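Coordinate-derived values only; no laboratory data. Just so it is clear, the model here is predicted, and its values are computed rather than measured. Neighbour counts are summed over all protein chains in view; Cβ atoms, including those assigned to glycine, are modelled from backbone coordinates with ideal geometry.
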Amino acid sequence: MAYPFVSDREVRVVSTHFGDPLQRRIDTYVERGGYGALKKAFGMGPTDVVDVVKSSGLRGRGGAGFPTGLKWSFMPKEQTKPHYLLCNADESEPGTFKDRELIRWDPHQLIEGCLIGAFAIRASHIYIYCRGEFFEANQVLARAVEDAYAKGYAGKNIMGSGNDIDITVHQGAGAYICGEETGLMNSLEGKRGQPRVKPPFPAAVGAFGMPSTINNVETLCAVPHIVSNGGEWYRQWGSEKSPGTKLFCVSGHVRKPGNYELPLGFPLSELIEDVCGGMRDGNALKAVIPGGSSVPIINAEEVARCNLDYEGCVAVGTMLGCASVIVMDDTTNIVKQVRRMVDFYAHESCGQCTPCREGSAWTAQIMRRIEDGKGTAADLDTLMEMTQEMVGTTICVLSDSVAAPVQSAIEKFRPDFMALIEANEPAGVAYHG
Amino acid sequence: MSDVPFKNPGWAGNTGEFDLTEDQVRGDDFVGERPKHGGHASGAGTMPYMLAGKNPEGPLFEGEYQERFEKILTRYPTKRAALLPTLALAQEIRGHVSPESMDRVAELLDLSPAYVRGVSTFYTMYNKRPVGRYLVQVCTNISCNLCGADEVVEAFLNYTDTELGRTSEDGNFTTIEAECLAACGYPTCVQINSRYYENVTPAEVPKIIEHLKAKGGD
């Protein structure tokens, strides 16, 4: 079912039912084979479930790309205290809009994935931390969880298997940093969402001080399909190191923006030209951010040789991140857009590490000065030097995320900056957040 | 900018379809009206809405709201963990979280008032002061910005005759910029109270405003 656009290049695993409101209903979901994978998993036992996910090569879809099965295997094998499974549904990376769609179109797919994950890591409680702005997705999910309880797919003695797993939908309150795993845990505990120093890692000391595992929505949505069909089946798509399919969120200056599920390793140029119908208004491509605003920008030449998997993006000096492809045509004012991203990070910095708190605020001010036509060539050197000090010097990577767009933009689009500096004129209307 | 030819059966409707009721927009009665007491405890913490009808002096946590608060408490191993949902509950009733509400929440959860103040001010969704009947949050982050979000902000401010972050004279509209609302493929995305409006262009802003004015409450 098309939502909103469809391409025959797509391979739909987790997005099969996008656009079909009936899929939210538990009866329809079960009729279509839903909760079959959960039953199968209960029959296999936790260790075998972890092994099948390991064999599929599934990697975390939240941005870091860490192998999911391996992450699960870090959890203690014996349950001496409560274990928790946390689902990260705090989607807020600029350019990313896949998790909201997964939740509102197919909530039971996520619930089933969560239950299988919880069973594999011997967790008795699942917290789905859903972004606060997602009122609709939250309501759909809450209703679906309620239905799962009513039909015996959650709570005590699930499907007569003797397994007890509770699910709670937790609503966030508007903070980008709560998408960072330890920030999310603090937020869940009723604290400010400030990331924690690691180690200890969540598998040892996580939410409420107990062993915890945290997975992205899309990762957990893939799990039921892998358990049903096997690890080899999932490996028929993608590459050796990046197997499977991935939702690509395409936004910006393309004719058909939207979510497209494609095999990993798909060529970026074909995604833009073929799947998304090419550039809007026939303009030329100027730049692409392939993984959400936290990754380096690439130019048209790099786009042409970029394959969209974890390794392919690294090969052109960027990262796949959460596969949020932001496309910019040649009418784009790069300086303004980078300034807007830096403003975002300055707003969202949790403030506990000095390089990030001070660095993001000063970077934003200098960027604005350049945009307003009051910058100097020396400002560019200051930016490069200052953002270099923001990489690897903080508890989490929000600080690094400021450096990535600024450094890559100055390296690749220096003439855009210089034009503004030399013209001494503002770049256009801009608003303060 | 993009002419997306779809009917979105979510609450996030195309702007041309905002006269439809929420049920009609969804094309489905899946969620329907959720009860004030919060329904099943697993989702009780997700209930808070941003309502047009606000009662800044309204009683906190009484009757069905008390019931919902108690359900929330049952879902966490610590009382502190109920803080975020409880603050949201206070905001649903009163429209914003005042220092007085924070103190009340602190008392209920055995936390210090200063701690609750510190947490509430960390999160952007708690309005620390009263806002208009409709809180208009326009995403101006990169994907929407590329497609003209700045002009949409300007259109809202012009049409409601107010400034960024201030409430219009009739008390109806407060417009602010929002960070990415995760609807990047449907720019510009505008969140008005609990609902997303997607693919909003400046030309459609007057229609949205007039519709909300005519609608009054929620």
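Descriptive notes on the structure:
- For the range A:196-202, 3J(HN,Hα) computed residue by residue from phi via the Karplus equation (6.51, -1.76, 1.60; θ = phi - 60°) reads 9, 6, 10, x, x, 7, x Hz, glycine and proline entered as x.
- Listed peptides A:46-55, A:257-266 appear in the order A:257-266, A:46-55 once ranked by packing, highest mean of other Cβ atoms within 10 Å at the front.
- Crossing angle, helix A:107-120 versus chain A [Cα axis fit, 0-90 degrees, rounded to tens]: 70
- Distance-filtered residues of the range A:143-166 - backbone nitrogen under 19 Å, label point 7 angstrom along A:R32 Cα→Cβ: A:143-149, A:151, A:153
- Label-point separation, B:D103 to A:M159 (7 Å along Cα→Cβ), nm: 5.3
- Prolate is the label for the range B:163-218, because a/c, from the alpha-carbon gyration tensor with a ≥ b ≥ c as root eigenvalues, is 1.5 or above and a/b exceeds b/c.
- Between the amide H of B:Y134 and those of B:F173, B:T174, distances stay under 5 Å, these residues lying 5 or more places away or on another chain, with hydrogens modeled in the peptide plane.
- For the range B:90-144 and the range A:243-307, distance of Cα centres in Å: 38
- Cα gyration tensor shape for chain A, rounded if a/c is under 1.5, else prolate or oblate: prolate
- Segment A:E78-A:R12, extension gain: residue separation times 0.36 nm, minus the distance between their alpha carbons: 20.1 nm
- Sites A:K40 and B:K213, calculated FRET efficiency, Cβ-Cβ separation with R0 35 Å, nearest 0.05: 0.05
- Cα gyration tensor shape for the range A:257-412, rounded if a/c is under 1.5, else prolate or oblate: prolate
- Per-residue shielding of A:164-176, expressed as the average number of other chain Cβ atoms within 10 Å of the residue Cβ, stands at 6.
- Qualifying GluC sites (Glu not before Pro) for the range A:71-152 [loop in DSSP, other Cβ within 10 Å: at most 12]: A:E78
- Between 0 and 90°, nearest 10: helix A:414-423 axis offset from chain A longest Cα axis: 40
- Amide H contacts of B:T188 (H built 1.01 Å from N, in plane; Pro and chain starts excluded): B:N199, B:V200 sit under 5 Å, all sequence-distant by 5 or more or on other chains.
- Shielding of peptide B:182-193 by partners, expressed as the average count of other chain Cβ atoms within 10 Å per residue Cβ, is 6.
- Candidates per trypsin sites (Lys or Arg not before Pro) in the range A:246-310, loop by DSSP, up to 16 other Cβ within 10 Å: A:R255, A:R305
- Protection proxy ranking of A:343-351, B:112-120, B:151-159, B:58-66 - average other beta-carbon atoms within 10 Å, highest first: A:343-351, B:151-159, B:112-120, B:58-66
- Between the Cα long axis of helix A:377-388 and the first principal axis of chain A there is an angle of about 20°, rounded to the nearest 10.
- Per-pair calculated FRET efficiency, R0 = 30 Å: A:D20 and A:T331 via Cβ, rounded to 0.05: 0.25
- Here the peptides A:159-171, B:79-91, A:23-35, A:329-341 are ranked by packing, the mean other Cβ count within 10 Å, and the order with the highest first is B:79-91, A:329-341, A:159-171, A:23-35.
- Of all beta bridges that DSSP places with both ends in chain A, some 45 percent have antiparallel geometry.
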